[in-house]
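Since the structure comes first, as structure tokens, the remarks are kept for the end.
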Amino acid sequence: MSEAIDKKITYFTGRGVKNTDKTLDLAVTYCRENNINKIVVASSTGKTALKLQEKAGGSLEVIAVTYSSGSRFPEKVKKFDENRDELEKREIRIVRGLHGLSATERAFVTRYKTEFMPLNIVA
């Protein structure tokens, strides 16, 4: 007979920043229950990474992934840069790299005004 694992799923009724706290709480709880000691978080301005570290209380190594310089969201890149010193002071690792899978497909999407390009799914 095979074993079964039951898990709880949380569905949000809407999207947006209002879900961040609950999402981070769920992630920290999952990591603690499963002996996970590192967590990667998307953080466009750095605030989510800082909040995650606070919620984890030092029990997790937080790795913040943000937009690359030259992104189409310059205001978020600027805000992240303003928070960078605090992130580094708290020893949050920062990943800021180029998006290797997007440039070619986006060029075709822009040029030919199409919505669907297969690599965009992967990117």
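The values are calculated or read from the model by the stated rules, or taken from the named source; none is laboratory data. Worth saying up front: this structure is predicted, and the values here are computed from it rather than measured. Here Cβ is always computed from backbone atoms with ideal geometry, including for glycine, and neighbour counts include all displayed protein chains.
So here's what we get for this one:
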{"quantity": "Counted residues, region 74-103 - those being modelled with pLDDT under 85 and touching a helix residue (DSSP H, G or I) at 6+ places or on another chain (Cβ under 7 Å)", "calculated": "1"}
{"quantity": "Cross-chain or 6+ apart pairs with Cβ under 6 Å, region 42-61 first and closer than 12 Å to D21 by Cα, then modelled with pLDDT under 95 and of a type in the set (G, A, S)", "calculated": "A49/S43"}
{"quantity": "Criterion: in a loop (DSSP other than H, G, I, E, B) and out of contact with any strand residue (DSSP E or B) (no Cβ under 7 Å at 6 or more places or on another chain) - qualifying residue of E82, E91, E54, E86", "calculated": "E91"}
{"quantity": "Hits in region 1-45 (condition: β-branched (V, I, T) and surrounded by 10 or more Cβ atoms within 10 Å (Cβ to Cβ))", "calculated": "T20, T23, V28, T29, I36, I39, V40, V41, T45"}
{"quantity": "Per-region count, region 46-65, residues within 13 Å of E91 (Cβ to Cβ), among the small types (G, A, S) and either modelled with pLDDT of 95 or more or surrounded by 13 or more Cβ atoms within 10 Å (Cβ to Cβ) (or both)", "calculated": "3"}
